[in-house]
């Protein structure tokens, strides 16, 4: 029993990195994919939303595989960001700067997701192309807030994957860690571009 | 009048000096303060030589007589780690910090990750505690002759030798953002030493104990991959590789241990 208690922090930390990739990261990819349907026009997007809304046990899936891991990753992540020290001013090596950016982008994403859910999922409005379009067009600040959120979330995910590979002992050697850093940087650029492209499509096209 | 002034200017120009700004502290709980010193330059001198010069003539830059600056030193060839301090913003050994290669004024500070005893002297006993926690030794003591140990293959011996060059100087702990007053992270060196002794055929007998210790409070999970440790290590030990390799061992151990229960 005593040994179990001694390992609590270890398990919580590992669950944090796992939750960030398996349910939350996969959901991010799915979400970006659905969003980019908007680039093919409002009908395509609306039909994609229709399909998702008719997944069986949707509320159960949403709660267990998205909401719970997201809240856990986010709240525990705030604790991680709070207990970390920040010394990139004194030690400005690339990885240490990324260490700071990972925590900064995490906090930005946390705030962004709360606002994002409040204005969409929990707004009581039907999730249609028109709803997103109106939000983006009615307030230019909303558009830029979305851009910041998308870039922060995709950066946090991509750089988090790099760290995940080390935390779980996948990329061990120096070369493996260097190459994976390049690969995940490309992942970041691609995902951020997909997200921004969808936002532009939502703003410029009309239903 | 004007002749002597010219002569004075000439001596000032010929006698080079070294300008030091030192962060001092009179005792463990005293407030810190900075003091400036100017010592005569000698070719090839290191930071230790500057500190010895201050000890010989403890007069600060303003001309006031002060208590000499205290520091620790031992081997003077970068293999003991005793003279580790923060020199111009980076933790390193004072013995191999050559004045000719440093930007002036030279700024000296104690490694504040550790409790400061006085001036540049710090108490690094937390590192010893961490080494004890991960059993950073090979168990060979017994009541009878155990005979020769198993041989280690040459490939592993070569990288293990690199890890064995760690002298517990504390630079990796000082530079780590995750070693601070809000965490209890042991630091990169202890994880690397656990890897070294797990790799040894006889040391491997304590393998599970070391992995369990790395999963306890302040263990390997507190690493945030900022990777400052590998940048500041004076021996160029691949600390980040050690951490990732131990992450792999710990992952297998944790999943395996849970499935076996």
Original post:
What average count of beta carbons from other chains do you get within 10 Å of the Cβ of residues in A:82-88?
Top reply: 6
Original post:
FRET efficiency for residue A:114 and residue A:190, Cβ-Cβ distance as r, R0 = 30 Å, nearest 0.05?
Top reply: 0.70
**OP:** Mind sorting B:156, B:119, B:29 by how few other Cβ atoms lie within 10 Å of their own Cβ, fewest first?
**Re:** B:29, B:156, B:119
Original post:
How high is the relative contact order of segment B:21-106, given as a whole-number percent (alpha carbon pairs under 8 Å, six or more residues apart)?
Top reply: 26
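Calculate, for residue A:197 and residue A:79, the FRET efficiency according to 1/(1 + (r/R0)^6) with r their C-beta to C-beta distance and R0 35 Å; round to the nearest 0.05. Could you put the intermediate results ahead of the total?
Numbers: r = 34 Å, r/R0 = 0.98.
E(calc), rounded to 0.05, equals 0.55.
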**OP:** Between the alpha-carbon centers of segment A:118-194 and segment A:14-36, tell me the distance in whole angstrom.
**Re:** 9
Original post:
Hey, got the average number of other protein chain Cβ atoms within 10 angstrom for residues in A:92-98?
Top reply: 4
Original post:
Do you know the relative contact order of chain B, to the nearest whole percent, from alpha carbon pairs under 8 angstrom that are 6+ apart?
Top reply: 16
**OP:** Work out how much length residue B:90 to residue B:112 would gain on full extension: take 0.36 nm times their residue separation and subtract the Cα-Cα distance, in nm to one decimal.
**Re:** 6.7 nm
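Return the FRET efficiency for the residue pair residue A:52, residue B:208: r is the Cβ-Cβ distance, R0 is 41 Å, and the value is rounded to the nearest 0.05. Mind showing how you got there, number by number?
Details: r = 47 Å, r/R0 = 1.14.
Plugging the Cβ-Cβ distance into 1/(1 + (r/R0)^6) gives 0.30.
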Original post:
Name the residues of segment B:102-139 whose amide N is less than 11 Å from a point 7 angstrom out from the Cα of residue A:90 along the C-beta direction?
Top reply: B:109-114
**OP:** Take each of the peptides B:89-97, A:57-65, average the number of other beta-carbon atoms within 10 Å over its residues, and list them starting from the highest.
**Re:** B:89-97, A:57-65
Subject >> Residues of segment A:41-84 with amide N under 14 Å of the 7 Å Cα→Cβ point at residue A:30 >> reply: A:49-70
Subject >> Extension reserve of the residue A:204-residue A:59 stretch, reckoned as 0.36 nm per residue once the Cα distance is removed >> reply: 49.0 nm
Original post:
Which order, highest average first, do B:62-68, A:20-26, B:147-153 follow once you tally other Cβ atoms within 10 Å for each residue and take the mean per peptide?
Top reply: A:20-26, B:62-68, B:147-153
**OP:** Note down the nm distance, to one decimal, between modelled labels 7 Å out along Cα→Cβ at residue B:33 and at residue B:260.
**Re:** 6.0
Original post:
Quick one: Cα centre-to-centre distance for segment B:154-180 and segment B:30-73, in angstrom?
Top reply: 31
Original post:
Of the residues A:54, A:156, A:116, which exhibits the maximal mean-square fluctuation in a Gaussian network model of chain A defined by a 10 Å Cα contact cut-off?
Top reply: A:54
**OP:** In nm, give the distance between the simple-model label positions of residue B:19 and residue B:159, each being 7 Å from the Cα along the Cα-to-Cβ direction.
**Re:** 4.7
Subject >> Hypothetical label at residue A:39: residues of segment A:141-168 whose amide nitrogen lies under 19 Å (7 Å Cα-Cβ projection) >> reply: A:146-155, A:158
Original post:
Any idea what angle helix B:188-199 forms with the longest principal axis of chain B, computed on alpha-carbon atoms, 0 to 90 degrees, nearest 10?
Top reply: 40
Original post:
How crowded by other chains is B:178-188, given as the mean number of beta carbons from other chains within 10 Å of each beta carbon?
Top reply: 2
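Values quoted throughout were computed directly from the atomic coordinates according to the rules given, and no laboratory measurement underlies them. This is a predicted model, so every value here is computed, not measured. All Cβ positions, glycine included, derive from the backbone under ideal geometry; neighbour counts span all protein chains shown.
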